[in-house]
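Comments concern the structure below.
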Amino acid sequence: MSLLRHAERQIANLGKYSHLNAFINVADHESVLARVAASAESSPSTDNVNARSPFGRLIAIKDNICTADLPTTAASGILKLLKSPYDATVVKQLREAGAITVGKTNLDEFGMGSHNLHSHFGASKLVRGGEERSAGGSSGGSAVAVATGQCWAALGTDTGGSVRLPAAYTRTVGFKPSYGLLSRWGVIAYANSLDTVGILGQNVESVEGVFDSLDFYDPQDPTSLPPSTRSRLPKQGSGGAKTLKIGVPMDYNISTLDATVRKAWLRSLQLLQARGHTLHTVRLPATQHALSAYYVLAPAEASSNLAKYDGIRYGSRAEGKDGIPDSVLFAKTRGEGFGPEVQRRILLGAFSLSAQAIDNYFIQAQKVRRLVQQDFDNVFATPNPLMTSQPEVDGEGVDVLLCPTAPTLAPKLSEIKGQQPLHAYMNDVFTVPASLAGLPAISVPVHADEGVKAATEEASAWSGMQIIGQYGDDRVVLDLAKELFESASPGP
Amino acid sequence: MALRRASVYARCMSRRLQCAAAPLHTSTIPALSISAISTQDNATSVSKKPMSLQDIEALLNSEPTWSVESLLPPEKNLNGDTSDVPRVSAKQLHHLLRLSALPPPKSQEQEAKMLSTLSDQLHFVGRMQQVDTSGVKPLRAIRDETAAAEQEQTITLETLKDALSKERVIGKHYKRIQRDTTAVDASNVETWDVLGSAERKQGKYFVVESERPQE
């Protein structure tokens, strides 16, 4: 099938699935198709052949990543009309690779949420078996757009699981690369020490193709990994040829792990063992404290990062006077512009950074974060390329870890709408540790049972399985993801 | 002056890293034995021999290692109070809202709800306070912490060569440094329309409507 034919189908799906609210703004259909046609004409040799190349493909961009052609709202009332004067580096890189941006996808405001319910533009969602389900958050719109074929691949951002969790809920592939590999310039910051650009696709090849176009040093991003450090990272993955030692972290076997997810976990282990890999149980004790530490660090950084929104130089303002004797200047604009979850996190962040609490909360959380990193360094065979002093790995370590992405399948919207905010935080329990340590992690869809046909409506029983690798082992993670994806895919 | 301060800072950083490296290394064992409050016996252990799927299945199907629900605050009693939850006073709440430039609560009910949410959140994150972190160096950012990177990032005269070459010493009796004043082409950044994205503006000014605080 040609590039143009693919694009036409995807454009048709935009209309067909508009009720899922995956997009906040969409590019003009005609001009998108004209650009695809031009790409196909300029280079007929690549037409229809490359499963990996973003050339001539439609890519959706999460709406907290700046684009010059469409508004960038971060799904917030305070930025609802913002038009960025420039493209983010990752968008520029994709355009240079020949990709065509099809639209800006829905998210939880500023990336804060796990079900895509906290959007100024309404929730993005899934419909399965006639029932509305959570698309996962915060890159829910990107995941739904990929899952329903409204684009070829999508960019998301992952701070504590925001690409992997929606991928798990929507039966797509979601990849969070090692922190610092992809540029964050032009990406609206939520928690800058954790924020990572991530990629969603229908298969591992497309995700890898996008990753190849973005994995470069950016001098405009001070947290971009410098060339000297990049040169110390491994260049190649296993290529699928090597026998890997796969760690099974016992600390991910929590009491509320859904039986279907546990079954899919065991099935994944079985499939990979059948391909010659070996299985090893590992313990990562700091996992139990990772979630608490994350919900101190992320809101604290958010309260600082979001302090700049006052509606003066850009963004939307509240009507009338702001700054009256009872209420500090800009409080009215911020109170009206930010949604309730954002305000809750700003307040929690302000608390943990306040003079009385900073040592017991913020600094303590950063120390726990170090323990989480050491936990991983203790079980991986490859030493962490960012660290000088390495713990002695007892005997040999493992090459990758395999565990579920989320404790449950995509929950029904009717069940989560009235929930306390804390309940949504618990969905991140398996994704937060890799974020804290900055490790590469990918979610791959696996069905709990063998022989399920792709077309059946059993689609809701697909779980996300997470492969986590040592820092910089992104290629190892992607290669094993390909193996798992292939062996878990139902036959034709 | 600023330059000198930068290199002094870089040196302090590397010294601090060295100091921290020693206790860190020796504390590998205690740091990992947070098991004081968790259930497992042997902290981070990798099973030496490959395990059979049956063994892993038996392990996963037997006892879960822990429960995330343990992070949730206990059910509230009739007064809406929970025993071990950190207390935040109404006064503190108003102070935090001011610091965050957020509006004060509109009603008593809203204030009570905000206090209750905050104390639930503090309970949730409070778990990590029980971890013994003595001697642990905080992880502030994911960055290259190797000695090689430290050296690459240290600012030296070599790093500043270009900047310094633009300076010249003038004067005979009173020698001083003069910067090269040749105009730099900054057109690509100066064409930025500062007011371009502002919602309210008048002439070349941003407009902010506010009331003077009462004396």
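Summary of computed values
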quantity	calculated
The stretch A:8-166: equivalent-ellipsoid semi-axes (sqrt of 5 x gyration tensor eigenvalues, Cα, Å)	25, 18, 14
Averaged over A:304-310, number of beta-carbon atoms from partner chains that fall within 10 Å	1
Where labels lie 7 Å past Cα in the beta-carbon direction, separation of B:S70 and B:V207 in nm	5.9 nm
Distance between modelled label sites at A:E41 and A:E8, nm, 7 Å Cα→Cβ extension	1.6 nm
Cα-Cα over 21 Å, subset of A:K332/B:K106; A:K80/A:K176; A:K308/B:K201; A:K176/A:K482	A:K80/A:K176
Beta bridges per DSSP with both ends in chain A, % antiparallel, nearest 5	70 percent
Percent of alpha-carbon pairs separated by more than 43 Å within chain A	10 percent
10 Å-binned pair-distance histogram of the stretch A:174-319 (Cα, whole percent)	9, 23, 33, 25, 8, 3, 0
Peptides ranked, highest mean first, by Cβ atoms within 10 Å: ranges A:19-27, A:125-133, B:177-185	A:19-27, A:125-133, B:177-185
Against the rule of thumb 2.2 N^0.38 Å, how large the Cα Rg of the stretch A:56-132 comes out	1.20
Peptides ranked, highest mean first, by Cβ atoms within 10 Å: ranges A:7-18, A:104-115, A:166-177, A:299-310	A:166-177, A:104-115, A:299-310, A:7-18
For chain A, calculated [θ]222 nm from helices alone, where every DSSP H run of n ≥ 4 adds -39500 (n - 2.57)	-10000 deg cm²/dmol
For the stretch A:331-449: rounded, prolate or oblate by the Cα gyration tensor [a/c cutoff 1.5]	oblate
Dipole of the protein assembly as shown [Lys/Arg +1, Asp/Glu -1 at C-beta], most positive-end residue of B:A186, A:L94, A:A331	B:A186
Other protein chain Cβ atoms within 10 Å, averaged over every residue that makes up B:144-151	5
Within the accessible area of chain A (1.4 Å probe), percent carbon and sulfur	52 percent
Spatially proximal aspartates and glutamates relative to A:K235 (Cα-Cα < 15 Å; intrachain offsets below 8 disregarded)	A:E208, A:D212, A:D215, A:D473, A:D474, A:D479
Averaged over A:225-234, number of beta-carbon atoms from partner chains that fall within 10 Å	3
D (Stokes-Einstein, µm²/s), Kirkwood Cα radius, the stretch A:89-167, 1.306 mPa s at 10 °C	125 µm²/s
Summed residue charge, Cβ within 12 Å of B:W66's Cβ, Lys/Arg positive, Asp/Glu negative	-1
Candidate lysines for bridging to A:K125, where Cα separation is under 16 Å - those fewer than 8 sequence places away on the same chain excluded	A:K16, A:K62, A:K104, A:K412, A:K417
Peptides A:407-414, A:271-278, A:479-486, B:152-159 ordered by average Cβ neighbours within 10 Å, highest first	A:479-486, A:407-414, A:271-278, B:152-159
Selected from A:S84, A:A424, A:L58, residue furthest toward positive end of dipole (chain A; charges at beta carbon)	A:S84
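The values are calculated or read from the model by the stated rules, or taken from the named source; none is laboratory data. In this text the structure is predicted, and so the values were computed from the model without any measurement. Note: ideal-geometry Cβ built from the backbone for every residue, glycine included; neighbour counts use all protein chains shown. Each accessible area value is taken on the protein alone, full model and side chains, heavy atoms only, with ligands, DNA and RNA left out. Shrake-Rupley method; radii C 1.70, N 1.55, O 1.52, S 1.80 Å.
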